[in-house]
Structure formats: C-alpha cells, structure tokens
Amino acid sequence: MRFVAGLLIAHLPDVVAKGDDMQVETLSTATTQTSANAAEIAAIANLKGGVGKSTTTIMLADGLAYFYGLEVLVIDLDSQANSSQILLTESGIKAAHEQEKGADFLLKQFVDGEPPAAAPFIVPNAVSLDELRRAEERDERLGWVAALPSHPQLRLGEMSLEEDWYSGTGTPSSLAAALTEHFRAAVKPLLSLYDVILIDCPPHLSPLARAALATADSFILPTLADPISTWGTKQFSDWVCEHVTPDLPERNFVVITRFRNTALARQIRNELEDVYLKDRFFGTAIPDSINVVRAMDRPAADSYSSFRGKYASVTGDVRRLAQRYVEFMGQRTGQAWKMVRD
Ligand SMILES: Nc1ncnc2c1ncn2[C@@H]1O[C@H](COP(=O)(O)OP(=O)(O)OP(=O)(O)O)[C@@H](O)[C@H]1O
Ligand SMILES: [Mg+2]
C-alpha cells in the first residue's frame with residue numbers, strides 16, 4: 001500500500017496485472033443485470049460536452065418516477081456536479097459532502113481498499129416533485145428519486161489515483177478494469193432497491209466514466225442536431241462499440257436535445273435517424289426551450305414543484321421521453337412498466 005494525497009492506495013496496478021487487451025475484454029463482458037427484477041443501469045454519455053446529458057438525466061429521472069412510479073437512482077460521475085446541483089442544489093451538495101456522501105467517497109473506498117458498497121454514499125431523498133413527496137407522506141409512495149451525487153473533489157481524487165497508478169506498471173485500461181470491478185460490486189446490492197439507475201457521465205473518458213460504461217446495461221446518447229455534435233456522437237459510438245460493447249446499437253437510446261425546428265436541424269435529425277444511427281432506438285426530440293432551463297433550477301433543497309409547475313410547456317416532452325424509454329426497455333428486455341399518473 002502507498003500513500004497518495006493522504007489516501008492509501010490498496011489497489012496497485014500489479015495486483016490486477018493483466019495486459020491491455022485483456023482489460024478491454026474485461027470491460028466488454030457481462031452486464032450487471034442479475035435477475036428479472038434487477039434495476040436497469042443506463043449510462044447517459046457522449047464525449048461531446050454540452051449536448052444535454054445532465055438535463056436528459058434529470059428529465060428522464062423525473063419522468064420515470066412521476067409517470068411510471070419507478071424508483072430511480074441518479075449517479076453523478078461528473079465532477080462538474082451538474083445533475084447533483086439540479087437535484088440537490090449547491091447547498092445540498094455541500095451538505096452531502098459534509099456527510100461523506102457522493103461519488104468521491106466511493107472512489108476513496110476503492111483507493112483505501114475497502115469492500116465495495118455504494119449504498120452509504122447515497123442521498124435517499126432527491127425528489128423535487130410535490131406529488132411524489134405528498135404520496136410518500138401518505139405512505140402511498142409511488143415513484144422516487146435518490147442521488148449518489150458528485151462534487152468537484154471527485155476529479156482531484158481521480159487525478160491523484162491516476163498519477164499513482166501510472167507511475168508503476170498501470171495503464172489507463174488496467175485502472176478502468178479495476179475500477180469497473182469495484183463499481184460493479186458496489187452497485188450490485190442496489191439492483192434490487194431501484195428500478196432504474198441513471199449514470200450521468202462526464203464529457204470525457206475518466207477512469208470512473210469508463211467503469212460506468214462497462215457496468216451499464218444500456219446507453220442513453222443525447223446529441224444535438226448540428227454537424228459538430230453529429231461527428232462527436234459518431235466517434236463516441238465507434239469507441240464504445242470497439243472498447244466496451246460491440247452490441248451498442250441494440251442497447252442504445254438516442255435523444256436529440258435542444259432541437260430547433262429549422263430546415264438544417266430537421267435535415268440533420270433525418271440523417272441521424274436514417275443514416276448515421278439508423279440501427280438505434282430514438283427518443284423524442286427535446287425542444288430548445290427556456291422552460292427546460294427553468295425546470296432545472298431548484299430554488300432550495302426543501303422546495304418542491306408540481307410536475308406541471310416544474311416543466312410547464314415541456315411537460316408533454318418529458319412524458320414522451322419517459323414513454324419512449326419505457327418502449328425501448330420493453331423491446332430490449334421485455335420489461336413492461338405501466339403508466340401510473342397522467
Ligand atoms: N432542451 C433545452 N433547451 C434549452 N437549453 C437546454 C436544453 N437542454 C439543455 N440546455 C442547456 O444546455 C446547456 C448544456 O446542458 P447540459 O449541462 O445538460 O449538457 P451536458 O451534456 O450535461 O454538459 P457537460 O458535457 O458539460 O456535462 C445547459 O446550459 C442547459 O441548461
Ligand atoms: Mg453534464
């Protein structure tokens with residue numbers, strides 16, 4: 001064991017002494033799904049920044065919890081902590097960090113060589129919808145959102161770990177493989193507690209993001225209908241197919257976000273659907289709207305809105321997003337979730 005930035009490194013690279021090729025193989029194997037009732041793990045990812053990953057994560061979490069009464073866990077693996085901020089507010093993130101909750105503590109657990117367990121780092125109440133909270137108060141809980149938040153500290157922790165890992169025989173792939181093993185084992189006990197686990201990934205391939213991709217059952221790919229995003233999306237898709245799972249197309253749910261109904265955007269959307277990503281399942285296009293931006297602003301950790309109050313003119317879009325995701329799941333796994341609210 002070695003000390004790095006005050007942390008004990010228990011997982012030295014030579015402990016996982018495998019070649020890079022083997023690591024790639026490890027990353028591309030099994031899904032974490034273990035039983036018929038196990039949660040679906042979906043990674044919301046794209047290497048292109050600012051395409052709506054965090055926003056899509058939250059809209060889907062709210063939509064699945066509200067319309068389908070599902071228990072949703074949002075895991076934020078991006079040190080920008082955007083989805084955590086949307087769910088918990090800035091003060092909520094701070095409070096969570098003080099209580100040693102969050103992905104950076106999961107990383108510390110790995111570094112310290114402690115047994116994998118994600119449950120202690122979860123903030124169980126990340127609900128912002130009045131209807132869900134009231135149902136809970138009446139002991140009629142139907143739909144919930146919990147969070148395993150992020151914190152800027154996460155990136156610093158990852159950088160320390162990377163520095164130490166690569167100073168010996170370790171490679172990015174061996175680190176990703178060791179983290180994948182820890183991450184999979186840490187979330188396994190959660191599979192019976194939630195219906196869906198949504199992992200908001202950073203716009204880069206951090207070691208933890210690679211672990212998340214290797215753990216995910218499905219991949220939600222938000223993209224914009226513009227040429228640069230299309231190029232980035234294609235590259236990301238190719239990388240996942242090559243390094244994580246060749247059957248990405250069957251497990252891929254694509255969401256066009258911030259859609260402006262212009263001739264160019266329509267043309268690019270058609271190209272994505274009919275050419276570049278024609279073998280994927282497409283969600284509804286989310287319009288570019290100030291109401292999406294407003295919905296992501298929670299004034300305080302103890303403030304709640306009705307679903308329609310929160311989403312206003314985009315309520316129908318969030319409903320359709322959840323509906324399409326449920327159809328995607330139905331087609332992929334046979335899972336038949338029913339709508340519980342209108
Ligand atoms: N449908 C929308 N209409 C208008 N603005 C939107 C919409 N979706 C997202 N945005 C805005 O676009 C910006 C990027 O969104 P978001 O943070 O969700 O992207 P991201 O892919 O998670 O970014 P990053 O790569 O930095 O993690 C934010 O300012 C967000 O408010
Ligand atoms: Mg984000």
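Checking TYR325 against (1) of a type outside the set (Gly, Ala, Ser); (2) part of a loop (DSSP other than H, G, I, E, B); (3) surrounded by 14 or more Cβ atoms within 10 Å (Cβ to Cβ); (4) more than 12 Å from ligand 1 (Cβ to nearest atom): exactly one of these is not met. Which one?
Here TYR325 meets the rest and fails (2).
Quick check on region 274-297: of everything there that is assigned to a helix (DSSP H, G or I) and surrounded by 16 or more Cβ atoms within 10 Å (Cβ to Cβ), which residue is farthest from ligand 1 (Cβ to nearest atom)?
Step by step, filter region 274-297, then rank; the result is TYR276.
Each row is one residue, and each column tells you yes or no for (1) at negative phi; (2) part of a loop (DSSP other than H, G, I, E, B); (3) touching a residue at least 24 places away in the same chain (Cβ under 8 Å).
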| position | (1), (2), (3) |
| --- | --- |
| VAL51 | yes, yes, yes |
| LEU60 | yes, no, yes |
| TYR66 | yes, no, yes |
| SER79 | yes, yes, yes |
| ILE86 | yes, no, yes |
| THR89 | no, no, yes |
| LYS94 | yes, no, no |
| HIS97 | yes, no, yes |
| GLU100 | no, yes, no |
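Output the residue which, of all residues in region 298-322 that are more than 16 Å from ligand 1 (Cβ to nearest atom) and in a helix (DSSP H, G or I), is surrounded by the fewest Cβ atoms within 10 Å (Cβ to Cβ).
ARG308
If you scan region 175-207, which residues turn out to be part of a strand (DSSP E or B) and either surrounded by fewer than 21 Cβ atoms within 10 Å (Cβ to Cβ) or away from ligand 1 (no atom under 16 Å from the Cβ) (or both)?
Once the filter is applied, which keeps residues that are part of a strand (DSSP E or B) and either surrounded by fewer than 21 Cβ atoms within 10 Å (Cβ to Cβ) or away from ligand 1 (no atom under 16 Å from the Cβ) (or both), region 175-207 yields VAL196, ILE197.
Pull up region 66-101, narrow it to residues that are away from ligand 2 (no atom under 16 Å from the Cβ) and under 14 Å from the mean Cα position of the chain (by Cα), then point me to the one that is farthest from ASP130 (Cα to Cα).
LEU73
Somewhere in region 103-123, is a residue in contact with a Ser or Thr (Cβ under 7 Å, 6 or more places away or on another chain) and in a loop (DSSP other than H, G, I, E, B)? Walk me through it before giving the result.
The initial filter retains those residues of region 103-123 that are in contact with a Ser or Thr (Cβ under 7 Å, 6 or more places away or on another chain), namely 103.
Keeping just the survivors that are in a loop (DSSP other than H, G, I, E, B) gives none.
Within region 103-123, not a single residue is in contact with a Ser or Thr (Cβ under 7 Å, 6 or more places away or on another chain) and in a loop (DSSP other than H, G, I, E, B).
State all residues of region 120-142 that are in contact (Cβ under 8 Å) with a residue 24 or more places away in the chain and in contact with a strand residue (DSSP E or B) (Cβ under 9 Å, 6 or more places away or on another chain); if no residue qualifies, say none.
Those that are in contact (Cβ under 8 Å) with a residue 24 or more places away in the chain and in contact with a strand residue (DSSP E or B) (Cβ under 9 Å, 6 or more places away or on another chain): PHE121, ILE122, VAL123, ALA126, VAL127, SER128, LEU129, ASP130, LEU132.
We did not get these values from a lab; they are worked out from the coordinates using the rules stated. Only a predicted model underlies this, so the values are computations on that prediction, with no experimental measurement involved. All Cβ positions, even for glycine, are placed from backbone atoms using ideal geometry, and neighbour counts span all protein chains on display.
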